[in-house]
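Derivation of every value follows stated rules applied to the coordinates shown; laboratory data play no part. Bear in mind the structure is a predicted one, so any value in this text is a computation, not a measurement. Cβ atoms come from the backbone with ideal geometry, glycine included; neighbour counts cover every protein chain shown.
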Amino acid sequence: MERSASIHFPAEKKFLSLALAFVEEFGSAVGMTKELPYIRLSLEEALANVMDHGCPEDNMVRLRAQSDSLGVEFVIRERGTPFDPETMEKQVASPDGDILEQGLGLKFMKSFMDKVTFSNLGRQGKQIRLYKKYSTLPVADCSSDPESDSCAEVQEDISYTVRLMRQEEALDVAQCAYSAYGYSFIVDNAYDAKAIRELNQSGQLVSMVAVTEDGDVMGHASMALDDDPLCGAWGRAFVRKRYRRRGCLKELSVGLMKEAQARNLQWVVADAVCSHEYSQRAVVSFGFEPCCLVLARTTPLDLKGIKDAQERENILLCYRRISSPISSLPLFFPPDHADFISYLYQGLGENPKLGKVQQTASTDRPHEMKVFVEPLATATIIVETCGQGVVPAVKNALRSACMEGLKGIYLLLDLADPIVSELTPEFEAMGFFFSGIRPRSDGRDQLVLQYLNNIGVDFDAIKVAFEQGVELKEYVRRCESKVVKPWG
């Protein structure tokens with residue numbers, strides 16, 4: 001059932017709390033409680049920008065809310081100064097490395113909502129539309145929808161083939177994701193047939209499908225190749241409800257491993273949640289080893305039979321080498337973590353060449369850094385070059401992320417850069433602590449540090465199915481216990 005409501009108020013900061021109260025009341029009324037914190041933060045950012053940068057105080061702002069069976073849309077209309085969001089996004093980082101709060105706030109806003117659009121209405125002013133889908137849709141009533149995918153599980157034995165996805169099957173894959181998860185799957189474009197097709201055509205995604213003799217797509221699993229083209233990231237694994245419990249996912253995983261070998265990939269990485277051991281056991285059976293524990297990575301999964309979920313879901317990054325390394329660069333381990341990093345590499349069957357810093361490395365070169373704001377209230381800071389000004393730049397990005405309410409901030413550092421071993425203690429002084437390592441095919445493996453923004457972790461509730469995973473959890477626990485944050 002569609003519902004809508006709207007309010008008008010002056011474009012003055014003192015009315016912001018009134019507008020946000022309207023947002024919260026409407027969201028609660030239509031059952032958007034799980035997503036409400038992200039909606040409120042996004043609307044607060046959008047309305048504050050309107051009041052601070054675009055709309056004179058004597059102007060009125062109209063805020064309209066409308067819900068349907070899939071989600072909620074908020075529309076802001078006002079007649080303030082014209083605004084170009086594309087220009088602002090390109091100017092997020094200023095030449096001196098400082099983070100421009102207005103532009104970064106825009107990125108945060110877009111990351112929290114499923115869709116954000118800006119429109120110029122000519123003499124009527126301008127409009128911002130913010131849309132958020134329900135993370136969990138109501139279960140379909142089979143009596144009213146006899147064709148519902150979840151109504152009847154196929155009972156008889158089925159013959160099926162596991163192979164690469166054909167382009168015309170992209171829509172079937174999207175519908176398969178919906179059958180398995182509703183709209184709660186973490187990868188948003190898993191429901192976008194065009195995106196699935198284009199990612200496979202470009203080589204950024206390798207989709208494997210299980211198909212019945214009648215051509216029905218039973219399940220899907222994929223390997224992403226966009227970040228590191230010779231390191232495949234397993235993911236997007238789902239099976240239609242009516243085809244579950246048939247060993248389909250295992251066969252899809254076997255197919256992906258064969259494809260990785262055929263492509264001569266260097267590594268394959270799999271994410272395993274820590275609220276249970278099931279997914280970890282699956283990757284153990286394929287020879288993966290954990291080397292990075294990422295805390296507070298996502299919102300908790302709503303899994304049947306799993307009780308006492310933590311506030312956030314923790315993830316083990318598990319790697320397996322596929323082929324011999326193409327390049328081998330000397331790595332520079334931070335002295336405080338050198339022994340444990342060596343232990344992680346031994347578990348992976350690796351013996352990296354270690355470099356030695358002969359003298360204090362020069363930082364005259366400019367630093368290079370990227371900040372990615374991600375769904376589910378996290379951000380990743382990738383330092384590609386530890387050059388001049390990198391420490392204050394990281395501090396500015398961290399502070400901005402904390403002010404925007406992001407829960408987990410992750411810092412990736414190049415272990416092939418000698419300066420990293422010297423600067424790691426300075427990053428840890430900001431409140432970052434050890435998370436693990438990320439091997440790369442180009443030999444520039446990464447040290448991962450993490451920062452938790454006003455969120456606690458129950459380490460005893462973290463489930464691990466690997467011996468090396470237990471050691472990693474305890475090491476991260478010890479590092480986290482030493483954190484003294486300079487703010488917040």
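Each residue, Asp68 and Arg3, gets one label point 7 Å from its Cα in the Cβ direction; the gap between the two is 1.7 nm.
Starting from the stretch 193-301, pick out the trypsin sites (Lys or Arg not before Pro) whose DSSP state is loop and whose Cβ has at most 11 other Cβ atoms within 10 Å. Please list the in-between numbers first.
Details: sites: Lys194, Arg197, Arg236, Arg240, Lys241, Arg242, Arg244, Arg245, Arg246, Lys250, Lys258, Arg263, Arg281, Arg297; in loops: Arg240, Arg244, Arg245, Arg246, Arg263.
The qualifying sites are Arg245.
Counting charges near Phe332 (Lys, Arg +1; Asp, Glu -1) among other residues having Cβ under 14 Å from its Cβ returns a value of -2.
What is the sum of charges, Lys and Arg at +1 and Asp and Glu at -1, for the other residues whose Cβ falls under 15 Å from the Cβ of Phe434? Don't skip to the end; give the middle numbers.
On the way: positive: Arg438, Lys473, Arg477, Arg478, Lys482; negative: Asp336, Asp339, Glu426, Glu428, Asp445, Glu471, Glu474, Glu480.
Overall, the nearby charge balance is -3.
Treating r as the C-beta distance of Asp339 and Arg444 and R0 as 30 Å, the FRET efficiency rounds to 0.85.
What ranking do Trp234, Trp267 get, fewest neighbouring Cβ atoms within 10 angstrom at the top?
On the way: Trp234 26, Trp267 21.
Listed from fewest to most nearby Cβ atoms, that is Trp267, Trp234.
Which lysines, on any chain, are close to Lys133 with Cα under 16 Å apart, when same-chain ones fewer than 8 places away are left out? Straight-distance partners of Lys133: Lys34, Lys110, Lys115. The distance from the alpha carbon centre of the stretch 255-301 to that of the stretch 160-183 is 21 Å, rounded to a whole number. Each other residue within a Cβ distance under 12 Å of Gln127 adds +1 if Lys or Arg and -1 if Asp or Glu, for a net charge of +4. In this simple spin-label model, placing a label point 7 Å from the Cα along the Cα-to-Cβ direction at both Glu168 and Arg477 gives a separation of 5.6 nm. Derived scalar couplings between HN and Hα for the stretch 279-293 equal 5, 5, 4, 5, 6, 4, 5, 9, x, 7, 10, x, 9, 7, 10 Hz in order, rounded to whole Hz, by the Karplus curve 6.51 cos²θ - 1.76 cosθ + 1.60 (θ = phi - 60°), x for Gly and Pro.
Where Rh is the Kirkwood radius over the Cα pairs of the stretch 160-321, the temperature 10 °C and the viscosity 1.306 mPa s, what D in µm²/s does Stokes-Einstein return?
On the way: Rh = 16.2 Å.
Estimated diffusion coefficient is 98 µm²/s.
What's the magnitude of the charge dipole for the stretch 352-481 around its Cα centre, counting Lys and Arg as +1 and Asp and Glu as -1 at the beta-carbon? Answer in Debye, nearest 20. Before the final figure, lay out the partial values.
Values: 14 positive and 18 negative charges, 13 e Å.
Approximately 60 debye in magnitude.
Separation of the alpha carbons by more than 31 angstrom is noted, of Lys250/Lys463; Lys132/Lys407; Lys407/Lys473; Lys356/Lys407, for Lys356/Lys407.
With both labels modelled 7 Å from their Cα along Cα-to-Cβ, the Val187 to Asp226 distance reads 0.9 nm.
Can you bin the stretch 352-481 into rounded, prolate or oblate? Criterion: square roots of the alpha carbon gyration tensor eigenvalues sorted a ≥ b ≥ c, rounded for a/c under 1.5, prolate for a/b above b/c, oblate for the rest. The partial results should precede the final answer.
On the way: a/c = 1.91, a/b = 1.22, b/c = 1.56.
Taking the square roots of the gyration eigenvalues as a ≥ b ≥ c, the stretch 352-481 is oblate.
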